[in-house]
Amino acid sequence: MLLRELFDVEKPVIAMTHFPPLPGTPLYDEKKGVEGILEAVASDARILLDAGVDALLFCNEGDRPYALKADFEAVAVMARVIAEVAPKDRPFGVDFLWDPKAPLAIALATGASFVREVFTGVYESDMGLWNTDAAALLRYRRQIGAGHVRVFYNITPEFASPLGNRTVGQRARSAVVSSLADVILVSGAMAGAEPGIEALREAKEAVADLAPVLLNTGARADNIMRYLEVADGVIVGSSLKVDGYTWNPVDPERVRIFMDRVRAVRAGLA
């Protein structure tokens, strides 16, 4: 199974490692500069890894408002910081809000195993009309020699609504069969918001044994055992932060409690 191959564990926990605002974005802290970004990311990554998460997912979460095209300085800084902070003993991935070409390039440069992005669909969104082009992006992956980088497709992106009337299940199956997704992700309406568990179950049933399905947002210590009855794993960020607030630092105690709940689920599978 793909998840076992990547993470060597059942029901993997992929923990978000959020970047503070990058250079050129409205909330960038010029006084702290790039070194401040490096220090913040390194601190969060260290706490998460010490708590035993199975993988990290680096993301430019602080770059509000989000753009549909990455700038050179953002890609350069992310690559530099990830290269210095990335774990040697566990896999890691890259996400860029919301330019799917950027994380593929960063993944190639830093040795990441996977990327998370919105590769399929058309949406009305906070960023305006949001279109995608999976064909161009997977061809780009091939052209740069990054075919080993797995692609995780977020089919219900945050801050957006899909145009059209296809169901979650139809979008999930199409993403796998037609657009070659390795993993399907199901999200809530925004960062930290949980989706309805029925949407997760629908996606899972639609792709059957073709691809794993992960919970992408909204995981908390008080709901993760229920969600992992359906999901094959989880990407978690906001609930592991101080006060459960997305842009705060990681809280070691919250991570410990969350991982204890996940280990209880795994023990039940043994």
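For the stretch 215-232, check the following and say yes or no: at least one residue is within 18 Å of the chain's Cα centre (by Cα) and in a helix (DSSP H, G or I).
For the stretch 215-232, residues within 18 Å of the chain's Cα centre (by Cα) and in a helix (DSSP H, G or I): present.
Quick check on this structure: which one of L57, L49 is of a type outside the set (D, E) and closer than 24 Å to P100 by Cβ?
Working: L49 fails: closer than 24 Å to P100 by Cβ.
Checking each option against the conditions leaves just L57.
Of the residues that make up the stretch 234-253, is at least one buried (at least 20 other Cβ atoms within 10 Å of the Cβ) and of a type in the set (F, W, Y)?
So far as the stretch 234-253 goes, no, none of its residues is buried (at least 20 other Cβ atoms within 10 Å of the Cβ) and of a type in the set (F, W, Y).
Mind checking which helices (runs of 4 or more DSSP H) fall wholly inside the stretch 1-98 and carry at least 2 residues that are over 25 Å from H148 (Cα atoms) and not aromatic (F, W, Y)? Reasoning before the result, please.
Values: elements: 2-7, 33-50, 72-85.
Answer list for the stretch 1-98: 33-50.
Any residue at all in the stretch 255-269 that's closer than 26 Å to I106 by Cβ and at pLDDT 95 or above? Spell out how you get there, then give the answer.
If we filter the stretch 255-269 for residues that are closer than 26 Å to I106 by Cβ, which is where we start, we get 255.
Within this subset, residues satisfying the condition of being at pLDDT 95 or above are 255.
Checked against the condition, which is being closer than 26 Å to I106 by Cβ and at pLDDT 95 or above, the stretch 255-269 yields at least one hit.
Is it the case, given these coordinates, that D29 is surrounded by fewer than 23 Cβ atoms within 10 Å (Cβ to Cβ) and on the phi > 0 side of the Ramachandran plot?
Working: surrounded by fewer than 23 Cβ atoms within 10 Å (Cβ to Cβ): yes; on the phi > 0 side of the Ramachandran plot: no.
When the stated conditions are applied, D29 does not pass them.
Do we have D251 as acidic (D, E) and in contact with a helix residue (DSSP H, G or I) (Cβ under 8 Å, 6 or more places away or on another chain) here? Working first, answer last.
On the way: acidic (D, E): yes; in contact with a helix residue (DSSP H, G or I) (Cβ under 8 Å, 6 or more places away or on another chain): yes.
Yes, satisfied.
V13 - would you say it is of a type in the set (V, I, T), modelled with pLDDT of 95 or more, surrounded by fewer than 20 Cβ atoms within 10 Å (Cβ to Cβ) and farther than 21 Å from L104 by Cβ? Break it down stepwise before answering.
On the way: of a type in the set (V, I, T): yes; modelled with pLDDT of 95 or more: yes; surrounded by fewer than 20 Cβ atoms within 10 Å (Cβ to Cβ): no; farther than 21 Å from L104 by Cβ: yes.
Answer is no for this residue.
Looking for whichever is more than 30 Å from L49 (Cβ to Cβ) and not polar (S, T, N, Q) here; the options are L228, L138. Which one fits? Steps first, answer last, please.
Values: L228 fails: more than 30 Å from L49 (Cβ to Cβ).
Exactly one residue qualifies, and that residue is L138.
The values are calculated or read from the model by the stated rules, or taken from the named source; none is laboratory data. Computed from a predicted structure; not experimentally measured. Reconstructed Cβ throughout: ideal geometry from the backbone, glycine too, with neighbour counts over all protein chains shown.
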